[in-house]
Amino acid sequence: MHYELTMKLISLLFLTMPLVSFADNYKSQVWSPDNGDGTFTNPIINADYSDPDVCVGASGEDFYLTASSFCHAPGLPILHSKDLVNWEIVNHAVKALPPFDRYAVPQHGNGVWAPSIRYNQFNQTYYIYWGDPDLGVFVTTAKDPEGEWTVPQCIIPGKGIIDTTPLWDEDGRCYLVNGWANSRAGFNSVLTVRELSADGMSQISEPVIVFDGNGTNDRTAEGPKFYKRGEWYWIMCPAGGVPIGHQLAMRSKSPYGPYESKIVLAEGDTNINGPHQGGWIHLKSGEDWFVHFQDKEAYGRVVWLEPVKWVDNWPVMGEKQGVKTYGQKEKYAGQPVIKYKKPNVGKTYPVCNPVENDEFNTTTLGRQWQWNSNYDQTFGMPSPYGYFRLYCHRQSKDFANLWEAGGVLLQKTPADNFTATTKVTMTAKDEGQYGGITVFGMDYSSLVLRRVGNEFQLQQITCKSADKGKPEDIKVIATFKPSSADKVNYQPALHRDMYLQLKVQYIGGKTKEGTNKHEAHVTFAYSEDGKKFKSCGDTFTMRQGKWVGAKIGLVAAEEAGKKVRGWLDIDWFRIAKK
């Protein structure tokens, strides 16, 4: 199907009300960084917004954040804030990844890598660039970040070009910095700069190596962001590896270098491992701030905010200047702040957090939800009747596990400790059809209702190393009579109502090497009336996905072969402390 036509169909689901917030000033029960006294507690977003980048909006009073979304759709989430502490999800820049057919099935770990978002003052347009490691550099644009974004274009084809950021200079010329993926290009730890056309839509010069971290503590230099401050060009980038690395700042008086570099943020004497990769923001008040991530393994890469002060024309990020890194004191290195005064943006704004709950009372899917591939209408659809219908994924003939399934409805984990509860009705028109709640990663576990004969079994379905094609393990917990039975499309159908619940608990720990370990246990429970829940099944150790944190949500599936499709009607999905 032609890409533009496909996008129009997908927009019917995702863009019905693009400018309307799904929950004005939503406040999470499980994590809110704003302390209400002029201070905040990190992380500012305790969810997997990997490789975050931020920009100041056209007004100078709005901030927009985007992040890696890999193969998940819709992709390139757009979050908005007025104070860098309180954020809400307002859009997705990409409703379906190009080419559509390639991403019509899950491509775990591929797709959108380390995007950058920028406002080009010369043509009053917002740009998002990203590198697809297999295809090249893509760009999408918009006049309003909360409105319609253009169909993505590949402007520089080629394997291995990742982590791209543009810079429009004072004279209107545009430069692009990028990293390289060793898995595709055969080399990494190298940053290159090239010139683009003034509109940022084509390459007009070849790349030049401006930094090489090979053989040093700055190995794995990647995720660069490009800035201009006064007469100096700046590249901010992480190095040293995702779990344990640091943040570099490098400066030059030419976009092509040579650059000198300093470590400006490191773990120091905190337990915040690998603080790095993100975006620098300059406020109207004169303050500077840095948004970055911390890798929390099963939880993904959560978002932190650091104050920035300038010393000898170097940006010291965080606090306690001069922390030790690799056994030596780094003059310009700070360490992460845990609690700190909020940025001075001139006024105080209401507490607002990314939405987690969904009552499914609108005909538009909530912005917190994503699929494992480009959306297909047979995955499921909203309704005006207070539920979302998730159709059973029809397993392949050589089915091993749900790593193959695009139609799994998922959202990010929102905190270290939380409980997710859903009210569902399983409609089975054939043997073996099932649906329920899940925590999904390279290992996953689901609590589902499966039709067996003329009854329903409550089962825990667990898969270890799903990414390696390992089979599922099924544990039968209880058996229930149908809640009701009728005919649907002339086919006998059995229905079963149930409340399903999963609870995530942080257990932490240390690795053999002494670094932080971010593990979590998941337990399940069910209820027939929504009041008394009974614990069930085995405790599951949550595990991240491919370059993403574990996700939570809903699943429905059926065996391969000619069947009359079943479905799961989701009444609501709620996140709470207990």
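The values are calculated or read from the model by the stated rules, or taken from the named source; none is laboratory data. Please read all numbers here as calculations on a predicted model, not as lab measurements. Glycine also receives a Cβ, built like all others from the backbone with ideal geometry; neighbour counts cover every protein chain displayed. All accessible areas refer to the heavy atoms of the entire protein, side chains included, with ligands and DNA or RNA removed. Shrake-Rupley method; radii C 1.70, N 1.55, O 1.52, S 1.80 Å.
What the table below lists for this structure:
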{"item": "Per-region count, the stretch 373-418, residues among the charged types (D, E, K, R), outside any strand (DSSP E or B) and in contact (Cβ under 8 Å) with a residue 60 or more places away in the chain", "result": "4"}
{"item": "All strands (runs of 3 or more DSSP E) inside the stretch 158-270 with 3 or more residues being without any contact (Cβ under 8 Å) to a residue 60 or more places away in the chain and within 29 Å of the chain's Cα centre (by Cα)", "result": "161-168, 174-180, 190-196, 232-239"}
{"item": "Selection status of TYR499, part of a strand (DSSP E or B), of a type in the set (Ser, Thr, Tyr) and out of contact with any Leu (no Cβ under 9 Å at 6 or more places or on another chain)", "result": "yes"}
{"item": "Condition check for HIS518: open to solvent by less than 40 Å² (accessible area, probe 1.4 Å) and either at pLDDT below 95 or aromatic (Phe, Trp, Tyr) (or both)", "result": "yes"}
{"item": "Test set (1) in contact with a Leu (Cβ under 8 Å, 6 or more places away or on another chain); (2) under 18 Å from ASP497 (Cβ atoms); (3) open to solvent by 10 Å² or more (accessible area, probe 1.4 Å) - PHE379 fails condition number", "result": "(2)"}
{"item": "Residues within the stretch 502-533 that are farther than 19 Å from THR462 by Cβ and in a strand (DSSP E or B), tallied", "result": "4"}
{"item": "Subset of the stretch 387-418 [open to solvent by 20 Å² or more (accessible area, probe 1.4 Å) and touching a Phe, Trp or Tyr at 6+ places or on another chain (Cβ under 7 Å)]", "result": "TYR387, ARG389, TYR391, ASP416, ASN417"}
{"item": "Residue pairs meeting the criteria (Cβ under 7 Å; at least 6 apart or on separate chains; first touching a residue at least 12 places away in the same chain (Cβ under 8 Å) and within 18 Å of VAL151 (Cα to Cα), in the stretch 99-124; second in a strand (DSSP E or B) and of a type in the set (Lys, Arg))", "result": "SER116/LYS225"}
{"item": "Selection within the stretch 232-250 - over 26 Å from GLU61 (Cα atoms) and crowded, with 19+ Cβ neighbours inside 10 Å", "result": "PRO238, ALA239, GLY240, VAL242, GLY245, HIS246, GLN247, LEU248, MET250"}
{"item": "Subset of the stretch 134-160 that is charged (D, E, K, R) and closer than 23 Å to HIS108 by Cα - its residue that is surrounded by the fewest Cβ atoms within 10 Å (Cβ to Cβ)", "result": "ASP134"}
{"item": "Yes/no for ASN123 being surrounded by fewer than 20 Cβ atoms within 10 Å (Cβ to Cβ), under 19 Å from the mean Cα position of the chain (by Cα) and outside any strand (DSSP E or B)", "result": "no"}
{"item": "Residue satisfying condition, being part of a strand (DSSP E or B) and open to solvent by less than 10 Å² (accessible area, probe 1.4 Å), within set THR425, THR462, THR438, THR421", "result": "THR438"}
{"item": "Residues of the stretch 93-109 satisfying the condition of being of a type outside the set (A, V, I, L, M) and either open to solvent by less than 10 Å² (accessible area, probe 1.4 Å) or part of a loop (DSSP other than H, G, I, E, B) (or both)", "result": "LYS95, PRO98, PRO99, PHE100, ASP101, TYR103, PRO106, GLN107, HIS108, GLY109"}
{"item": "Residues (over 24 Å from VAL504 (Cα atoms) and either within 27 Å of the chain's Cα centre (by Cα) or small (Gly, Ala, Ser) (or both)) located in the stretch 430-469", "result": "GLY432, GLY453, LYS468, GLY469"}
{"item": "In the stretch 343-364, the residues that are surrounded by fewer than 21 Cβ atoms within 10 Å (Cβ to Cβ) and of a type in the set (D, E, K, R)", "result": "LYS347, GLU359"}
{"item": "From LYS562, LYS546, residue being open to solvent by 60 Å² or more (accessible area, probe 1.4 Å) and either farther than 21 Å from TRP369 by Cβ or in a strand (DSSP E or B) (or both)", "result": "LYS562"}
{"item": "Boolean, ASP83 is closer than 24 Å to TYR256 by Cβ and either touching a residue at least 40 places away in the same chain (Cβ under 8 Å) or of a type in the set (S, T, N, Q) (or both)", "result": "no"}
{"item": "Test for GLY131: is it over 20 Å from GLY109 (Cβ atoms) and of a type in the set (Gly, Ala, Ser)", "result": "no"}
{"item": "Options PHE524, PHE480, PHE573, PHE540; residue that is hydrophobic (A, V, I, L, M, F, W, C), under 22 Å from THR422 (Cβ atoms), open to solvent by less than 70 Å² (accessible area, probe 1.4 Å) and without any contact (Cβ under 8 Å) to a residue 60 or more places away in the chain", "result": "PHE480"}
{"item": "Residues that are touching a Pro at 6+ places or on another chain (Cβ under 7 Å) and open to solvent by 10 Å² or more (accessible area, probe 1.4 Å), drawn from the stretch 50-67", "result": "TYR64"}
{"item": "Selection count, the stretch 186-200, where residues are under 18 Å from ASN120 (Cα atoms) and either in contact with a helix residue (DSSP H, G or I) (Cβ under 9 Å, 6 or more places away or on another chain) or open to solvent by 50 Å² or more (accessible area, probe 1.4 Å) (or both)", "result": "2"}
{"item": "For PRO315: the one exception among (1) more than 30 Å from PRO99 (Cβ to Cβ); (2) without any contact (Cβ under 8 Å) to a residue 12 or more places away in the chain", "result": "(2)"}
{"item": "Answer residue from the stretch 317-335, given it is within 18 Å of PHE290 (Cα to Cα) and not in a loop (DSSP other than H, G, I, E, B) and is most open to solvent (accessible area, probe 1.4 Å) among those", "result": "GLU319"}
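Every residue, every condition in (1) of a type in the set (A, V, I, L, M); (2) modelled with pLDDT of 95 or more; (3) out of contact with any Gly (no Cβ under 9 Å at 6 or more places or on another chain), yes or no:
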position	(1), (2), (3)
PRO106	no, yes, no
PRO133	no, yes, no
GLU148	no, yes, yes
LYS159	no, yes, no
VAL190	yes, yes, no
GLY200	no, yes, yes
